[in-house]
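A.B. asks: What follows is a structure written as structure tokens; I'll ask about it next.
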Amino acid sequence: APTVDLTGKRILVTAGGTRERLDPVRFLTNDSSGKMGYAVAAAAQRAGATVTLITAPTALTVPRGVTVVPIESTQELADAVTSRFPQADALIMAAAVADFQPLTAATQKIKKTADNDELTLTLKKTPDILKTVAPMKQADQVVVGFAAETQELLKNGRQKLRHKHLDMLAANDVSRADIGFNGDNNQVTFLFADGTSQQTPVASKRVIGERLIEQVAKLFAKK
Ligand code: C5P
């Protein structure tokens, strides 16, 4: 179990890959399993926090004692996060949010016909949820992001930490087959706003979730 006590803290965790609808039966999504976010939510719950898990569809069982808010799209996730963030002591954004969504979702199933050998989809950028909540952030709130990178992990991670006004970012090298998206193990580097960093060993997502929650407890103590 985590070695910290977060009794009385309200922690909002997001998990899973968002789904962006093309039509009533199709969507764009990504490889996120939701395992890391669920592990973080479970660790926070074991540490005594009151946990709300905002989750995209996953194959996982919700951790006992955690309040669940199901969402599908980035817009639904954005609405769920922004409405709950003011009541939260910490936000941990482990969700793999789509960067683009279809400009319009077809209301009927898209049909193939004799003359459409090609189909062009127009996508538009999704709202950046962390950037949206940054201006709402109170001095005593802790905000943590994740970054899945395939190159220049630390450089890209530091940039995201700054641009998204985070207290901490968990940077994740997803180019390695042994850790990251779908596996049960992970290794992350925690980057902090004060410029320091700390790399975890390769460990189960359960253990990485606990290490992350221990860092969140330290961040609360510094507020
Ligand atoms: O920019 P990038 O997607 O790599 O940043 C990852 C972090 O930002 C994650 O914590 C993710 O949940 C969050 N994010 C977000 N809104 C988006 C895209 C990502 O809050 N539209």
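The values are calculated or read from the model by the stated rules, or taken from the named source; none is laboratory data. The structure presented is a predicted model; accordingly, all values stated were derived computationally and were not measured. Note that each Cβ is placed from the backbone with ideal geometry, even for glycine, and that neighbours are counted across all protein chains shown. Areas reflect the complete protein model, heavy atoms only, side chains present, ligands, DNA and RNA absent. Shrake-Rupley method; radii C 1.70, N 1.55, O 1.52, S 1.80 Å.
A.B. asks: Among the residues of the stretch 106-131, which ones are touching a strand residue (DSSP E or B) at 6+ places or on another chain (Cβ under 8 Å) and not in a loop (DSSP other than H, G, I, E, B)? Give the steps one after another, and end with the answer.
C.D. replies: Taking the stretch 106-131 and keeping what is touching a strand residue (DSSP E or B) at 6+ places or on another chain (Cβ under 8 Å), we get 106-110, 121-126, 129-130.
Selection gives Leu123, Lys124, Lys125, Ile129, Leu130.
A.B. asks: May I ask you to verify whether Val81 is within 11 Å of the ligand (Cβ to nearest atom), touching a helix residue (DSSP H, G or I) at 6+ places or on another chain (Cβ under 7 Å) and open to solvent by 20 Å² or more (accessible area, probe 1.4 Å)?
C.D. replies: No: the conditions fail for Val81.
A.B. asks: Given the criterion within 13 Å of the ligand (Cβ to nearest atom) and modelled with pLDDT of 95 or more, identify the matching residue among Thr122, Thr107, Thr126.
C.D. replies: Numbers: Thr122 fails: within 13 Å of the ligand (Cβ to nearest atom); Thr107 fails: within 13 Å of the ligand (Cβ to nearest atom).
None of the others qualify; the one that does is Thr126.
A.B. asks: Okay, next question. Looking only at residues in the stretch 158-193 that are within 11 Å of the ligand (Cβ to nearest atom) and of a type in the set (A, V, I, L, M, F, W, C), which one is most open to solvent (accessible area, probe 1.4 Å)? Quick ask: steps written out before the conclusion?
C.D. replies: Keep residues of the stretch 158-193 that are within 11 Å of the ligand (Cβ to nearest atom), which gives 159-161, 163-164, 166, 168-172, 174.
Next, from what is left, pick out any that are of a type in the set (A, V, I, L, M, F, W, C): 161, 166, 168-171, 174.
Working: Leu161: 14, Leu166: 8, Met168: 0, Leu169: 2, Ala170: 0, Ala171: 1, Val174: 40 Å².
Among residues in the stretch 158-193 that are within 11 Å of the ligand (Cβ to nearest atom) and of a type in the set (A, V, I, L, M, F, W, C), the one most open to solvent (accessible area, probe 1.4 Å) is Val174.
A.B. asks: Specify the residue that is nearest to Gln199 (Cα to Cα); the eligible residues are those in the stretch 132-157 that are in a helix (DSSP H, G or I) and within 11 Å of the ligand (Cβ to nearest atom). First the steps, then the outcome.
C.D. replies: Just the residues of the stretch 132-157 that are in a helix (DSSP H, G or I), to begin with: 132-136, 153-157.
Retained after the next criterion (residues that are within 11 Å of the ligand (Cβ to nearest atom)): 132-134, 156-157.
Working: Thr132: 28, Val133: 27, Ala134: 25, Asn156: 16, Gly157: 13 Å.
Per the stated criteria, the residue is Gly157.
A.B. asks: Please report, ordered by residue number, the strands (runs of 3 or more DSSP E) entirely within the stretch 162-223 with at least 2 residues that are out of contact with any Ser or Thr (no Cβ under 6 Å at 6 or more places or on another chain) and modelled with pLDDT under 95.
C.D. replies: Working: elements: 168-173, 188-192, 197-199.
In the stretch 162-223, the matching strands (runs of 3 or more DSSP E) lie at 168-173.
A.B. asks: Now, a different point. Could you list all residues from the stretch 46-77 that are surrounded by 19 or more Cβ atoms within 10 Å (Cβ to Cβ) and under 14 Å from the mean Cα position of the chain (by Cα)?
C.D. replies: Thr52, Leu53, Ile54, Thr55, Ala56, Ile71, Ser73, Thr74, Leu77 - these are the residues of the stretch 46-77 that are surrounded by 19 or more Cβ atoms within 10 Å (Cβ to Cβ) and under 14 Å from the mean Cα position of the chain (by Cα).
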